[in-house]
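Here the structure is laid out as structure tokens; the discussion comes afterwards.
The values are calculated or read from the model by the stated rules, or taken from the named source; none is laboratory data. Quick caveat, the model's predicted, so the values are computed rather than measured. Positions of Cβ are backbone-derived with ideal geometry, glycine not excepted, and every protein chain shown enters the neighbour counts.
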Amino acid sequence: MKTTAFTNIHIALGAKMHEFAGYNMPIEYSGIIDEHLTVRNAVGVFDVSHMGEFWVKGPNALPYLQKITSNNVAVLSPGKVQYSCFPNGKGGIVDDFLVYCFEPEKYLLVVNAANTQKDWDWCVKNNTEGAELQNSSDNTAQLAIQGPKATEMLQTLTSVNLYDIPYYNFKVGDFAGVKEIILSNTGYTGAGGFELYFYPEDGIKIWDALFEAGKAFGLKPVGLGARDTLRLEKAFCLYGNDIDDTTSPIEAGLGWITKFPEGKHFIDRPLLEKQKTEGTSRRLIRFDLLEKGIPRHGYEIVDEAGEVIGHVTSGTILPGTKTGIGMGYVKTGYEKGEKRIFVNIRNKHIAAQLKK
């Protein structure tokens, strides 16, 4: 298995380790419930160095990105970040990712760890514009510092005014005595905070500085287990569960990252434009169970008559409230909450309430 700059630290801290996307990654330290609540109430740090990073440069960078991405990259100015996806030419999604605009001819794509090679092959295959592509995944480390106390804690380690960086914006500056760190006001938890990008050789110095500064803020390391419960609570899609090569961004509720400006002739535009106008046969929902139960991937979602109207794509027990929560696809007409829905758990139909 591959390792990150922090793998030995995770093991020394007693983390439960497991293979994920080819990496030896920490699943939990003090427990998913404790780690989840730490991020919601204070601040936690995630090692997400397994994510993929591709540079796209040159005079043809923008035309290329306008072709392969669903969102409108042309609206980005330096310092802006954009959520987007790669349409796969068949109405599905190759991956969802972030686009960072550094300069008019310099962009960084941050892709899902499990899809890094798949995405790289897709980007290379569709590069008929001759954009300059560079896969820097193995030479980039990343930590996500998330929670309501994250910004206050991080500010003690940088001269960059983090409070001047709006959501989905970034700056490059010093951090913990290391120069040229990407400080990005993004995250996958909905709890606020920053993601830091740097060279792996600077990782230990940055980690140590974080935990020294974090003593006053209750900083704890957090694993992939709580990362999943945190994102699910906020209804952030997980590739491979809620979106994949068989789901369109329109039916996944990602119409807001699927733009159709004049002159942007991207992959699958005619099909997705038709879906946005005419609608789709199913839609992705986020729900809470009204009774005790755990909605798991693949469980049936049924109507009052017991007819199957969809399936759960992600599910868990919400730490703190012990409520069963999940996401799933249902037939169009059930996504507005006007009709009752239930999750079939061991042949018992548990009522569910839709959430935004």
Do we have Met17 as surrounded by fewer than 19 Cβ atoms within 10 Å (Cβ to Cβ) and not assigned by TED's automatic domain parsing to the domain that holds Trp120 here? yes
Is it the case, given these coordinates, that Thr128 is surrounded by fewer than 21 Cβ atoms within 10 Å (Cβ to Cβ), over 27 Å from Val222 (Cα atoms), among the hydroxyl-bearing types (Ser, Thr, Tyr) and outside the structural domain of Glu201 (by TED's automatic domain parsing)? yes
Quick one: which residue in Ile285, Ile294 is surrounded by 18 or more Cβ atoms within 10 Å (Cβ to Cβ) and either hydrophobic (A, V, I, L, M, F, W, C) or touching a Lys or Arg at 6+ places or on another chain (Cβ under 6 Å) (or both)? Ile285
Go through Asp119, Asp95 for me and flag whichever is over 19 Å from Phe46 (Cβ atoms), among the acidic types (Asp, Glu) and assigned to a helix (DSSP H, G or I). Asp119
Among the residues of the stretch 33-59, which ones are more than 19 Å from the chain's Cα centre (by Cα) and of a type in the set (Asp, Glu)? Asp34
Name the single residue that is modelled with the lowest pLDDT among those in the stretch 310-329 being of a type in the set (Val, Ile, Thr) and more than 16 Å from Ser248 (Cα to Cα). Thr321
Scanning for something touching a strand residue (DSSP E or B) at 6+ places or on another chain (Cβ under 7 Å), modelled with pLDDT of 95 or more and not in a loop (DSSP other than H, G, I, E, B), does the stretch 185-192 turn up at least one residue? no
For Ile33, indicate whether it is in a helix (DSSP H, G or I), over 17 Å from Arg269 (Cβ atoms) and among the aliphatic types (A, V, I, L, M). yes
Selected residue (only one of Thr258, Thr229 is under 30 Å from Gly89 (Cα atoms) and among the hydroxyl-bearing types (Ser, Thr, Tyr)): Thr258
Pick from Lys179, Lys215, Lys205: which is in the same structural domain as Tyr163 (by TED's automatic domain parsing), among the basic types (Lys, Arg), without any contact (Cβ under 8 Å) to a residue 24 or more places away in the chain and not in a strand (DSSP E or B)? Lys215
Confirm whether Gly79 is farther than 29 Å from Gly92 by Cα and assigned by TED's automatic domain parsing to the domain that holds Tyr167. no
